[in-house]
Structure formats: structure tokens, C-alpha cells
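In what follows, a single structure is set out as C-alpha cells and then discussed.
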Protein chains: 2
Amino acid sequence: MRSAPHDGPVSVLDRILAILDTVREAHGATTITRIALATGIPKSTVSRLVGDLVRQRYLMRAEDGVVIGLRLFELGVRASTPRRLGLAALPVLAELFNATGEHLNVAVQEGPDMLSVISVRGRLRPVPSRAGVRVPSITTALGKAVLAFTEDESALAGVMTGIDRYRRRPFERELAAIRMEWVAIDRCETFPGVVGVASPVLSPERVPVAAISVAGPVSDMDANRMMPLVRHAALALTHRLASQVA
Amino acid sequence: MRSAPHDGPVSVLDRILAILDTVREAHGATTITRIALATGIPKSTVSRLVGDLVRQRYLMRAEDGVVIGLRLFELGVRASTPRRLGLAALPVLAELFNATGEHLNVAVQEGPDMLSVISVRGRLRPVPSRAGVRVPSITTALGKAVLAFTEDESALAGVMTGIDRYRRRPFERELAAIRMEWVAIDRCETFPGVVGVASPVLSPERVPVAAISVAGPVSDMDANRMMPLVRHAALALTHRLASQVA
DNA sequence: GGCGGCTGGTCCATTCAGTGGAACGCGGTC
DNA sequence: GACCGCGTTCCACTGAATGGACCAGCCGCC
């Protein structure tokens with residue numbers, strides 16, 4: 001029974017998911033009123049649904065509002081892709097960290113972003129990204145490494161719409177160079193003072209399924225020195241994933 | 001519109017959560033038919049709800065069925081308790097690992113279980129428990145460490161129902177000893193050949209909010225040697241959490 | 001090749017789970 | 001004391017959700 005016209009979702013499922021996403025995006029606690037505003041769902045409905053989610057431990061009440069609960073933690077650690085990828089990546093990351101001492105990431109494509117599934121802390125402070133955090137595909141080395149090897153034109157076109165018209169050509173030239181060198185660079189495009197170097201991780205069908213990167217301070221990290229190390233790590237991870245499937 | 005009487009949940013919210021839990025409990029992929037059997041929800045309803053959850057990336061289709069998707073990974077890493085606890089625990093665990101080289105866990109109470117929120121791999125193979133995994137409170141050192149300092153009679157009574165009548169007294173005596181010594185032991189009660197040593201982590205109100213443990217092979221790990229180390233780690237974590245709140 | 005069994009998806013007449021404005025209680029501020 | 005904002009609860013009403021029936025596809029067996 002939905003009476004007055006509201007802007008938000010109508011189905012119960014969409015409403016629950018919208019509430020969970022709003023709490024996630026809050027980066028800390030949020031209130032019933034704020035969730036209602038953000039989602040367009042009436043306040044009393046939000047109150048009721050949040051009450052149910054708290055009862056089942058999907059959400060939890062804290063001092064200053066509602067936060068993500070333990071049940072979602074239990075579900076999250078069992079997410080298929082991060083689990084498989086993280087497991088395969090552990091020894092590769094250990095070796096890459098020994099060689100570089102810098103901040104490492106393995107990430108997968110998620111819509112217009114790259115989503116980090118596992119990271120290792122290096123020198124950088126504040127940490128630019130860690131597991132569960134999204135970074136834009138078109139500016140990061142991680143994203144460019146995957147885009148360069150993406151053959152699905154519609155997926156490419158979807159990401160390209162975020163690029164200015166006059167920046168299209170240079171971007172396509174950059175992707176072509178990445179395909180030649182097997183390595184992508186982000187020179188302070190995403191995070192000020194941070195340079196990133198990444199290579200793609202491919203499936204047996206030569207489809208990019210992830211990317212692995214090293215990031216460090218631009219004043220101090222030699223991107224050229226990192227390139228062969230990252231390439232090698234990506235290749236190692238590609239092979240580990242292939243034998244995981246078999 | 002629910003027509004024929006079914007055993008399963010009736011509300012959309014309960015059904016969605018039942019489906020997610022069934023997929024979590026599958027420890028890999030599961031099928032629409034299996035979810036329907038496990039939840040008591042009609043197959044066509046499961047098919048429809050799973051379709052929606054896949055569209056929103058809460059679930060994902062794999063070769064052999066349905067698995068947990070990336071969205072739940074993104075939500076899970078933002079779960080409030082594991083995040084706070086994990087962050088505070090990192091340096092403490094690093095120090096404890098340096099001193100012991102054994103398998104470490106920090107866990108919180110969740111119903112009748114202890115839920116690991118962060119772990120460090122030591123010598124043990126297979127790994128007895130890791131982040132996101134539940135272990136029974138009444139047999140593990142982690143659980144006993146928390147129960148010994150739990151003053152809420154109803155919470156205690158809820159857990160005690162899992163204990164045989166004639167084992168009640170000895171268990172209560174064990175809890176009393178833990179309160180004297182500030183350390184709990186699990187001598188192969190939970191995992192064969194594995195001994196665990198744990199101490200509680202308290203809130204400023206002296207309420208046990210977590211526990212920290214060391215586990216190793218009974219043939220090789222000296223529980224007595226571990227006791228002061230674990231006590232010290234729990235105290236350090238207790239203090240770190242207290243200053244996190246302030 | 002035909003058959004049977006199993007799976008997952010789609011349809012739509014039916015119905016009851018879900019609704020949200022209104023009212024309420026509480027706490028904080030002036 | 002009045003006002004404001006928050007979160008909760010209620011219940012007459014209704015439209016979102018339903019699930020049995022049917023379908024297509026796949027697999028294994030004779």
C-alpha cells in the first residue's frame with residue numbers, strides 16, 4: 001500500500017537494499033531521518049524496516065545512529081570473488097611487498113569503478129584505498145590496466161562517457177600504450193602526490209578479471225623500477241587463478 | 001498474496017534474509033532448488049528474489065549456482081564492530097605474533113557462538129578458524145573468557161542450556177577459576193589436537209566485549225607460557241579500545 | 001530418437017503483507 | 001513552558017507480491 005507519491009523505491013526488496021546502501025555510504029553512523037531523506041522512503045517505513053534489520057543483526061544501533069551489523073560482516077567475508085582472488089593473491093602480494101615496501105592493491109571492476117578486494121599497507125599516509133573501497137577506473141592505474149584489455153565495446157563505452165570529448169583521443173592512445181607495455185600509470189590523477197603502477201590479471205580466456213598495483217609517494221617512488229615487478233606479480237596471479245579453476 | 005500453507009517465512013524481508021543466510025551457509029555455490037528446500041519458500045518466489053538480488057549484485061551467478069556477490073563484500077568491510085576492533089587489534093596482534101608465532105584470533109560474542117573478527121595465521125593446518133567464522137562459546141577459550149565475565153544472567157542462562165546437567169557445576173567452577181586467573185583454556189575441546197588460550201577484552205564499564213586468543217598444536221605449544229602474553233595483549237587491546245571511544 | 005526427470009524462469013488472478021500519515025512520547029534548547 | 005526534531009506505533013486501506021501451472025532446456029537412459 002503506497003499512497004502519496006514518493007520519489008523513492010516502491011518494492012520491499014529495493015527499499016531494504018537502498019537502506020543498506022545508505023548506511024554503507026554514511027561511513028559511520030546515520031539516522032532514521034537521514035536514511036529517509038537519502039532514499040525517498042517515508043520515515044515511518046524506514047523506522048520499521050531498520051527495526052527489522054537490527055533485530056536480525058544486519059544493522060546495529062550505536063550511540064550516534066545506525067551502523068552496519070555483524071551479519072553483513074559474516075556474509076561479506078564469504079563473497080566469492082574477493083575470497084578466491086584474495087587467497088590466490090596472498091603469496092604474490094607478500095613477494096611484491098618484500099620487493100617494494102609500498103602500498104599494494106588487488107582490485108576488480110565494478111561498474112565505473114575499481115573495487116579493492118585486498119590491500120597491503122605501505123608507506124603512504126593517509127592510506128589511499130583499502131579493501132572494500134572504490135576508486136574511479138578512468139584515472140587509476142588499476143582501472144586503466146583493466147580497460148586497456150577490455151574488448152567488450154559496451155562496457156568500454158559506459159566508462160568512456162565520464163571522459164571529456166577532447167580527452168578521448170589521448171585516453172585511447174594511453175590505453176594502446178598500456179596494451180604494448182602491459183603496465184598502466186596514474187601520475188597523481190586520483191590522489192594528490194600519489195603515483196600508481198598497475199598490470200592486469202587475465203582469465204584463461206584472456207579477459208581482464210582484476211588488476212594489481214603498487215602505489216607510493218611521487219616524490220620518492222620510481223615508477224620505472226616498479227614496472228617489471230608489477231608485471232611479474234600480475235603474471236603470477238594470473239597463473240595462480242588459472243590453476244585454482246582447474 | 002500467500003496462498004497454500006508453507007513452512008517458511010512469509011514477509012519479504014524475512015525471505016530475503018533467509019535466502020542470503022542459506023547462500024552463506026552453503027560455503028560455495030548453491031542452487032535455486034536447494035535454497036527453496038532449505039528455506040521453505042516456493043521455488044518460483046526464490047527464483048524471482050534471487051534474480052533481483054543478482055541484478056543488484058548482492059548475489060552472483062557462478063558455474064555451479066548462486067554465490068555471495070560484491071555488494072555484500074562492500075557492506076561487510078564496513079561492519080562497525082569488526083572495523084573498530086580490527087583496527088585497534090592490529091598492533092596488538094603483531095606484537096603477540098612476534099612473541100608466539102601461533103594462530104591468533106580476536107572474536108566477539110554472537111548468540112551462542114564467538115565470531116572471529118580478525119585472525120592471524122600461525123603454524124596450525126588446517127586453520128581452525130578465521131575472520132567471519134563462528135566457534136561455540138562453551139568449549140572455546142575465547143567463549144569461556146567472555147562468559148566468565150558476563151554478569152547478565154539471562155545471556156549466561158541462554159548459553160548454559162547447551163550444557164549437560166552434570167557438567168554445569170564443573171563449568172561454573174571453570175568460569176570462577178578464569179575470573180581469578182584472567183585466562184581461559186581450551187584443551188582440545190573444540191578442535192582435535194588444538195589447545196587455545198584466551199583473555200577477555202573489556203569495555204570501560206567492565207563488560208566483556210571481545211576476547212583475544214592464541215591457539216597451537218597441543219603436542220608443541222606450552223599453554224602456561226602463553227598465559228601472561230595473552231593477558232598482556234588483552235589488557236593492551238582493552239586500553240586501545242577505551243581511547244578509541246574517547 | 002524418444003522419454004522422463006530435473007532445473008530455472010515466467011505468467012497473472014488473487015490476496016494479504018506492507019503501508020505511511022497521524023499521533024505520541026522523549027529530550028534538548030531557549 | 002513552548003517549540004522543535006527525533007524515532008516509534010497504529011490500523012484502514014491497497015497494490016506489491018504471490019506461487020501453482022506451464023514452459024523450455026538439459027541430461028541420462030533405453
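The values are calculated or read from the model by the stated rules, or taken from the named source; none is laboratory data. Just so it is clear, the structure is predicted and the values come from calculations on it, not from any experiment. Every residue, glycine among them, receives a Cβ derived from its backbone with ideal geometry; neighbour counts consider all protein chains shown. Just so you know, the surface numbers come from the protein's heavy atoms only, side chains and all, with ligands and any DNA or RNA stripped out. Shrake-Rupley method; radii C 1.70, N 1.55, O 1.52, S 1.80 Å.
Tabulated values for the structure
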quantity: Cα-based radius of gyration of the protein assembly as shown once divided by 2.2 N^0.38 Å, which approximates compact folds; calculated: 1.05
quantity: Of A:Met160, A:Met180, A:Met226, the one that fluctuates the most in a GNM where chain A has Cα springs shorter than 10 Å; calculated: A:Met180
quantity: Where B meets A: accessible area buried, both sides, 1.4 Å probe, Å²; calculated: 4200 Å²
quantity: Simple label model, 7 Å out from Cα along Cβ direction - B:Asp64 to B:His239, nm; calculated: 4.9 nm
quantity: Other copies of A:Val218: label-to-label distances in nm, shortest first, labels 7 Å along the beta-carbon direction; calculated: 6.0
quantity: Per residue accessible area in Å² of the protein assembly as shown, where ligands, DNA and RNA are left out and the probe is 1.4 Å; calculated: 48 Å²
quantity: Amide hydrogen neighbours beyond the local backbone of A:Leu59, cut-off 5 Å, H modeled; calculated: A:Val54, A:Gly69
quantity: Label zone at A:Thr161, where the point sits 7 Å out along the Cα-to-Cβ direction: the stretch B:27-60 residues whose backbone N lies under 20 Å; calculated: B:55-57
quantity: Cut-off under 5 Å, modelled amide H: who pairs with A:Gly132 long-range; calculated: A:Ser116, A:Val117
quantity: For the B-to-A rotation axis, chain B residue with nearest beta carbon and its distance in angstrom; calculated: B:Gly76, 1
quantity: Under the Karplus curve 6.51 cos²θ - 1.76 cosθ + 1.60, θ = phi - 60°, whole-Hz ³J(HN,Hα) for the stretch A:181-193, x wherever Gly or Pro sits; calculated: 9, 6, 8, 10, 10, 10, 9, 6, 6, 9, 10, x, x
quantity: Nitroxide proxy distance, nm - points 7 Å out along Cα→Cβ at B:Met180 and A:Ser219; calculated: 5.9 nm
quantity: Debye, to nearest 20: dipole size of chain B, +1 on Lys, Arg Cβ, -1 on Asp, Glu Cβ; calculated: 480 debye
quantity: Rounded FRET efficiency, nearest 0.05, which uses the C-beta distance separating A:Thr31 from B:Ala94 and R0 of 41 Å; calculated: 0.70
quantity: Residue-averaged [θ]222 nm for the protein assembly as shown, counting only DSSP H segments that reach four residues, each worth -39500 (n - 2.57); calculated: -15000 deg cm²/dmol
quantity: Cα convex hull volume per residue for chain B (Å³); calculated: 165 Å³
quantity: Per-residue ³J(HN,Hα) for the stretch B:219-224, Karplus 6.51 cos²θ - 1.76 cosθ + 1.60, θ = phi - 60°, Hz, x for Gly and Pro; calculated: 5, 9, 9, 8, 4, 4
quantity: Karplus (6.51, -1.76, 1.60) ³J(HN,Hα), θ = phi - 60°, over the stretch A:44-52, in Hz, Gly and Pro reported as x; calculated: 5, 5, 4, 4, 5, 5, 4, x, 5
quantity: Zone of B:Ser203's modelled label, taken as backbone nitrogen in the stretch A:54-89 under 11 Å from a point 7 Å along Cα→Cβ; calculated: A:62-63
